[in-house]
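The values are calculated or read from the model by the stated rules, or taken from the named source; none is laboratory data. Just so it is clear, the model here is predicted, and its values are computed rather than measured. Counting neighbours? That spans all protein chains shown, and the Cβs are built from the backbone with ideal geometry, glycine included.
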Amino acid sequence: MGLKPDHWIRKMAREHRMIEPFEEKQVRDGVVSYGVSSYGYDVRVADEFKIFTNVFSATVDPKNFDTKSMVDYIGDVCIIPPNSFALARTVEYFRIPRKVLTVCLGKSTYARCGIIVNVTPFEPEWEGFVTLEISNTTPLPAKIYANEGLAQVLFFEADEECEISYADKKGKYQKQQSIVLPKL
């Protein structure tokens, strides 16, 4: 399995609609960068957010997530409260080929501000908008800028296809169209 370079990403985006919309090169002027990089693709965060709140003193339970723990917000800038988190989604829609696995990491501009982005790998044949988990680890409010770069996706292509893909096992987060909360 090997890390794939920029020309491979461009080819897969053109031929297989792997990333839509797709930015052929890095966009940097006045924004946190997004688009193709040397060995990855910098994704943008959309303007839809679910911000965590403990107003109702709910317990966070991944097997029975209380939707009242999240406040919906749409806007160009999202303020994440101190020591809290928000969920968002990418602007880009992904279609991962059967021989590909991705790893997604937060961009250094945000990481240097104490903002951590967590995303699980995109498995072979997973498809959808990516739900992004954004943690503000600081004691201060943190700004997230919609329609700008937030994380970098790295692509790894296997030497052979997997036996069972995410689509084959009918994964519960397949073809998600919005921010999806935890499911059992």
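Being part of a strand (DSSP E or B), touching a residue at least 24 places away in the same chain (Cβ under 8 Å) and closer than 20 Å to PRO121 by Cβ is a property that ASP47 lacks.
Residues in the stretch 134-166 that are crowded, with 16+ Cβ neighbours inside 10 Å and either part of a strand (DSSP E or B) or within 19 Å of the chain's Cα centre (by Cα) (or both): 16 in all.
Remark: pairs (first residue in the stretch 1-29, farther than 15 Å from GLY149 by Cα and in contact (Cβ under 8 Å) with a residue 60 or more places away in the chain; second residue of a type in the set (A, V, I, L, M) and in a loop (DSSP other than H, G, I, E, B); Cβ separation under 9 Å; 6+ apart in sequence or on different chains) = MET1/ALA158; GLY2/ALA158; ILE9/MET18; MET12/MET18; MET18/ILE96. If you go through the stretch 50-70 and keep only what is at pLDDT 95 or above and either surrounded by fewer than 19 Cβ atoms within 10 Å (Cβ to Cβ) or farther than 18 Å from THR120 by Cβ (or both), you end up with just ILE51.
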